[in-house]
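Data block below; observations after.
The values are calculated or read from the model by the stated rules, or taken from the named source; none is laboratory data. Given the structure is predicted, the values throughout are model-derived calculations rather than measurements. Every residue, glycine as well, gets a Cβ built from its backbone with ideal geometry; the counts of neighbours run over all protein chains shown. SASA here: full protein model, heavy atoms, side chains in, ligands and nucleic acids out. Shrake-Rupley method; radii C 1.70, N 1.55, O 1.52, S 1.80 Å.
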Amino acid sequence: MQPKVQRPKRVLPWRRWLTWCFNSFALVVLVVTADVSYRELKPWLDRPISQVSLEGEFQYIDVPELTALLRAELQGTFFSLDLQRLQQMLEADPWVERAEIRRVWPDEVVITLEEQLPVARWGDEGLVNPAGEVFSPANVQDETFRALPQLFGPQEQAPELMRYFSSLSQQLRPLGMNVDELVLEQRGAWTLGLSVDQQPLRVLMGREDLRPRLHRFMRAYQSVLKERVAQIEQVDVRHTNGVAVRWRPPAVTAETPAKS
């Protein structure tokens, strides 16, 4: 028996042309219907922004001023509002670390702000957040920030200063010391400004071997210097062995004139 061979069906040219015409006509009808539907629904879908929700915990951001600014900026409709431009405008405020914006249909915009957390002063003109980022708000000279520790150095090395400051604070706090000032000079030398029982103490660290030098200072302080800290002005640990101490000059007392 010979197996049957099934030949492919032949599609007539006129039938192929008719199918193409029908599909093209259906596509045109679909596009026209969608366009008409969009025009009819657009006024209902794309409404003016009538509600703004501001979320976050604010201690330094001027909320009334920010609200007035948003009221002036949010004049667009739900779909026409430029969220990227609005985000850039909000993050231009030095106190705003990060801004997130989202639409909530039909007419609401939700703005979430993350406020900067100042943990130190940067010289006399800026503040530093925990990541070592420097920002300069208009109220940087307020008394509120006077109690913060102060960092000095090249601004591009601010993250390094912040990391070293955090490490020093953790190591020296058990000894009753606070790091009030940290200086990184252009040539790479470090200087610490400490306070012990409200007494200032300056420590010259130099550029190299910072860890062993710090440990040498801590040992010398615990064994010898602790009892006389009120008399110490400066400790220099840049030497190969030991430390050098500069003592405060003795207080001069005024003589009381004798009565005749």
Return the pair list, or none, for Cβ contacts closer than 6 Å from residues in segment 135-147 that are assigned to a loop (DSSP other than H, G, I, E, B) to residues that are among the aromatic types (Phe, Trp, Tyr), at least 6 apart or on different chains. PRO137/TRP95
(1) over 28 Å from ALA158 (Cβ atoms); (2) in a strand (DSSP E or B); (3) among the hydrophobic types (A, V, I, L, M, F, W, C): which one isn't true of ALA68, the others all being true? (2)
Has segment 76-97 got any residue that is touching a Ser or Thr at 6+ places or on another chain (Cβ under 9 Å) and within 21 Å of GLY56 (Cα to Cα)? yes
Note down all Cβ pairs under 9 Å where the first residue falls in segment 150-162 and is of a type in the set (Phe, Trp, Tyr), the second is open to solvent by less than 60 Å² (accessible area, probe 1.4 Å) and assigned to a helix (DSSP H, G or I), and they're at least six residues apart or on different chains. PHE152/LEU161
For the structure I just gave you, tell me whether ASP197 is among the acidic types (Asp, Glu) and within 19 Å of SER169 (Cβ to Cβ). yes
Of everything in segment 177-211, what is among the small types (Gly, Ala, Ser) and over 27 Å from the mean Cα position of the chain (by Cα)? Give them in sequence order. SER195, GLY206
So which residues in segment 56-71 are closer than 17 Å to GLN88 by Cα and touching a residue at least 24 places away in the same chain (Cβ under 8 Å)? ILE61, LEU66, LEU70
Only one of these is at pLDDT 65 or above, assigned to a helix (DSSP H, G or I), within 30 Å of THR144 (Cα to Cα) and among the polar types (S, T, N, Q): GLN88, GLN84. Name it. GLN88
Test ALA147 against the criterion of being among the hydrophobic types (A, V, I, L, M, F, W, C), under 25 Å from the mean Cα position of the chain (by Cα) and open to solvent by 20 Å² or more (accessible area, probe 1.4 Å), and give yes or no. yes
For segment 115-144, what are the residues that are out of contact with any strand residue (DSSP E or B) (no Cβ under 7 Å at 6 or more places or on another chain), of a type in the set (A, V, I, L, M, F, W, C) and either open to solvent by 90 Å² or more (accessible area, probe 1.4 Å) or under 20 Å from VAL63 (Cα atoms) (or both)? LEU117, ALA138
How many residues does segment 60-114 hold that are more than 19 Å from GLU133 (Cα to Cα), acidic (Asp, Glu) and open to solvent by 50 Å² or more (accessible area, probe 1.4 Å)? 5
